[in-house]
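Comments concern the structure below.
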Amino acid sequence: MQAKTFTLFILALFTCSALHAQQKLVTSEDSLNNNLTKSGTSIGGYGNAFYQRNKNLGTSKLDLERFVLFTGHKFNEKISFFGELEVEDAKVTGGESGGEIAIEQAYLKFNLNANQYIVAGLFLPRIGILNENHLPNTFNGNERNYVETFILPSTWRELGVGFYGRLNRLPVNYSVGVVNGLSSQGFSHGTGIRDGRFEGRNASANNIAVTASLQFYQGNFKAQVSGYYGGTISSSKRRADSLGTSSGLGLPSGAFGTPVAIGEGDIQYASGGFSFKALASLVSIPDADKINAAYENNTAKTSYGAYAEVAYDILYKNNQPARPQFIVFLRDERFDLNYRVPPAPYGISDGTLSQNHIVTGVSYLPMPNVVIKADVRLIKTGSQNPALTGANPNPAALPYQTSNNLINLGIGFSF
């Protein structure tokens, strides 16, 4: 991993002594989650739309990226239901690519006491910053950061059971969960483990995963470490063995067979009109060579990502919770989906997947639940590997360029 990435974190820790976060939102889901609503049904949601100009392609697009409808129900003081229905790219048409209709959450929450609760169903594990906090008016930039899109595939939801709590005498939150595992057959070159998620659809129970997190919070500072470890082979042992017959490698099956391990750490600090956040994550797939021998998807043994962001609200004033905000920000994202690959013939390095993104822009919030955004994403990548372009590339294809920029303008809301 590049030493410069770690330098960002060290410098940030010593230079962000007066940094501030966006105002705390209140949505229907927040109220239900904090047990503030009366018994009955709650309705809420969020969404975003944006314009994007791609310099290299010379193209522009407009997209209603997401609309999510939240429905919750409080049965009594101990039991509540949380559900979200998501539509991506405005519509889904049979026979055409693009668009998605999906259940983002569908779980029961059981309050054990004031400090502990259990969730069961389709839920978002606590890993990273964005996975649990992804409303468009809670993060800067029209696009979610790429580190928590591809390295940590947010929003990441799976079926299972989770236990959450906080300590009585220390400022520490914790969580542990058991969910279904991933499918290594779905891993893909360019998006990593993202397409290996089941997301509640016919998820395999042959392989499982465990997740856990620890959060420390003190005043305006919060730090978290979280992790994931799970199997990726949903087939029976006989089928898994047969997939590796030609290579002689085989695919280890069982609950944690052919595992994926993920580690993550992040910090957030806020004070006055400034805010700072940083995150680093590492994905390890020790049996990537066996996965590639079976599925030929060029899975990497190791991927990593990190980012740091600083922001300032130029309209900040003390003790005005509903005031407008005008936030300027700068974020540095670095990641490599092919940091380490298996040796030939089971892996091919791809320099284009080693990327650095600088994102800068503004977020104007006339109120905490509505945002207007403008940003520029400057992209630098490594070079193409000729072994991946083929002997006869399409003559109409544009030459690959290692730099590009995207201009984004958009809106977002939650309620």
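Among the residues of the stretch 257-316, those identified as open to solvent by less than 30 Å² (accessible area, probe 1.4 Å) and either free of Cβ contacts under 8 Å to residues at least 12 places away in the same chain or part of a helix (DSSP H, G or I) (or both) are 288, 291, 292, 293, 294. Checked against (1) open to solvent by 30 Å² or more (accessible area, probe 1.4 Å); (2) under 28 Å from residue 252 (Cβ atoms), residue 187 passes all but condition (1).
You will find that of 298, 292, the residue that is under 29 Å from residue 338 (Cβ atoms), in contact with a helix residue (DSSP H, G or I) (Cβ under 9 Å, 6 or more places away or on another chain) and polar (S, T, N, Q) is 298 and no other.
Please verify whether the stretch 336-357 includes one or more residues that are among the β-branched types (Val, Ile, Thr), farther than 23 Å from residue 53 by Cα and within 26 Å of the chain's Cα centre (by Cα).
In the first step, residues of the stretch 336-357 are kept if they are among the β-branched types (Val, Ile, Thr); the result is 341, 348, 352.
Among the residues that remain, those that are also farther than 23 Å from residue 53 by Cα are: 341, 348.
This time we only want the ones that are within 26 Å of the chain's Cα centre (by Cα), so: 341, 348.
Looking for residues that are among the β-branched types (Val, Ile, Thr), farther than 23 Å from residue 53 by Cα and within 26 Å of the chain's Cα centre (by Cα), one finds at least one in the stretch 336-357, hence yes.
Checking each residue in the stretch 212-232 for being among the hydroxyl-bearing types (Ser, Thr, Tyr) and within 15 Å of the chain's Cα centre (by Cα) picks out 226, 228.
Inspect the stretch 28-42 for any residue being without any contact (Cβ under 8 Å) to a residue 12 or more places away in the chain, over 21 Å from the mean Cα position of the chain (by Cα) and surrounded by 15 or more Cβ atoms within 10 Å (Cβ to Cβ) and give the result as yes or no. Looking through the stretch 28-42, at least one residue is without any contact (Cβ under 8 Å) to a residue 12 or more places away in the chain, over 21 Å from the mean Cα position of the chain (by Cα) and surrounded by 15 or more Cβ atoms within 10 Å (Cβ to Cβ). Just one of 146, 229 is open to solvent by 60 Å² or more (accessible area, probe 1.4 Å) and within 19 Å of residue 283 (Cα to Cα); which is it? None of the other options fit; the residue is 229.
Each row is one residue, and each column tells you yes or no for (1) open to solvent by 70 Å² or more (accessible area, probe 1.4 Å); (2) under 18 Å from residue 281 (Cβ atoms); (3) free of Cβ contacts under 8 Å to residues at least 40 places away in the same chain.
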{"site": "164", "(1), (2), (3)": "no, no, no"}
{"site": "169", "(1), (2), (3)": "yes, no, yes"}
{"site": "181", "(1), (2), (3)": "no, no, no"}
{"site": "198", "(1), (2), (3)": "no, no, no"}
{"site": "204", "(1), (2), (3)": "no, no, yes"}
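Residue 322: touching a residue at least 12 places away in the same chain (Cβ under 8 Å), open to solvent by less than 60 Å² (accessible area, probe 1.4 Å) and in contact with a strand residue (DSSP E or B) (Cβ under 9 Å, 6 or more places away or on another chain), yes or no? It is false that residue 322 is touching a residue at least 12 places away in the same chain (Cβ under 8 Å), open to solvent by less than 60 Å² (accessible area, probe 1.4 Å) and in contact with a strand residue (DSSP E or B) (Cβ under 9 Å, 6 or more places away or on another chain). For the criterion of being out of contact with any strand residue (DSSP E or B) (no Cβ under 8 Å at 6 or more places or on another chain), in a loop (DSSP other than H, G, I, E, B), open to solvent by 50 Å² or more (accessible area, probe 1.4 Å) and more than 17 Å from residue 156 (Cβ to Cβ), residue 114 passes.
The values are calculated or read from the model by the stated rules, or taken from the named source; none is laboratory data. Source: prediction; values computed, not measured. Every residue, glycine among them, receives a Cβ derived from its backbone with ideal geometry; neighbour counts consider all protein chains shown. For the accessible areas, the whole protein counts, side chains as well, though only heavy atoms, and no ligand, DNA or RNA atoms are used. Shrake-Rupley method; radii C 1.70, N 1.55, O 1.52, S 1.80 Å.
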